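One structure below.
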Amino acid sequence: RVVLEILYYLFVITTIFEEFWELALARSHGQWYFTDAWNYIEVCCAALQVYNLINWVALCLAKNRFLPNEQYVVYPLQAYKIGGLLANRDEAELAKMLAMYEDVSYIVEIERSDKHRNTVVGFLLMFRLMKQLDFHPRLGIITRTLQQAFSSLMHFLAVFIILMAIFIVLGIYA
């Protein structure tokens, strides 16, 4: 899996260099790079992928540092006989156990946010694929149809989001 992820991030770096190349070409011809809406999608996708790369490195480092003990003896076996269960608690061992729980929480949070960002990146990559297919008369019919219907789709989407928000509120508070 690590080899595939490294290969993926090499492709990400290649894409970023390609975008910088397109930006330099547009500037050399006296054009503004962001006249095409697809360029916004590509820049957002590249930025999210770079952020994912940084988080992936942080996740790998956190997983390598995570070395929990097999057990944490916070309460010795004989502690309940002398003053009850909470009498002779080992504070150092308790601190180690709580630190281990915080490490687990940190790793889980990184993985959860990584999944959410990767979902967004997947949608952006789908849009980039539609852009790449635009060159062919038959394959590009989806992108040309979406371009022509963009205004109507945005108005529909606005009404749809408002209605869904109302249903969400009714579902939660009803």
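Read-outs: derived from the displayed coordinates by stated rules, not from any lab. These numbers come from a predicted model, not from an experiment. Virtual Cβ from ideal backbone geometry, glycine too; neighbours counted across all protein chains shown.
Of the options [x] 119, 21, 19; [y] 41, 33, 25; [z] 83, 48, 29, only one is Cα extents along the principal axes in Å as computed from these coordinates, and that is [z].
Considering only Tyr75, Tyr40, Tyr106, the Gaussian network model of the chain with Cα springs below 10 Å gives its largest mean-square fluctuation to Tyr75. Modelled spin labels at Lys63 and Trp32, positioned 7 Å past Cα toward Cβ, are 4.4 nm from each other. Applying the Karplus relation 6.51 cos²θ - 1.76 cosθ + 1.60 with θ = phi - 60° to region 31-36 yields 3J(HN,Hα) values of 10, 8, 5, 8, 6, 8 Hz, where x marks Gly and Pro.
For Gly140, no residue 5 or more places off, or on another chain, has a built amide H under 5 Å of its own. Only helices reaching 20 angstrom along their own axis (Cα) with mean Kyte-Doolittle hydropathy no lower than -1.0 count here, and for the DSSP H runs of the chain these are 2-28, 37-65, 91-132, 150-173.
Legend: calculated FRET efficiency, Ala158 to Ala47, from the Cβ-Cβ distance at R0 = 22 Å, rounded to 0.05, equals 0.25.
Dipole size of the chain about its Cα centre, with +1 on Lys/Arg Cβ and -1 on Asp/Glu Cβ: approximately 340 debye, rounded to the nearest 20.
Look at the Cα gyration tensor of region 102-174: its axes a ≥ b ≥ c give a/c of at least 1.5 with a/b at or below b/c, and that counts as oblate. Structural descriptor for the chain: relative contact order 18 percent, calculated from alpha carbon pairs under 8 angstrom and at least 6 residues apart. For region 1-32 versus region 129-174, the inter-centroid distance based on Cα atoms is 27 Å. When the chain is treated as a Gaussian network with alpha carbon springs shorter than 10 Å, the biggest mean-square fluctuation among Asn64, Asn88, Asn52 belongs to Asn88. Calculated FRET efficiency, Glu70 to Glu102, Cβ-Cβ distance, R0 = 22 Å: about 0.75 to the nearest 0.05. In the elastic network of the chain, a GNM with C-alpha springs shorter than 10 Å, the most mobile of Ser113, Ser151, Ser105 is Ser151.
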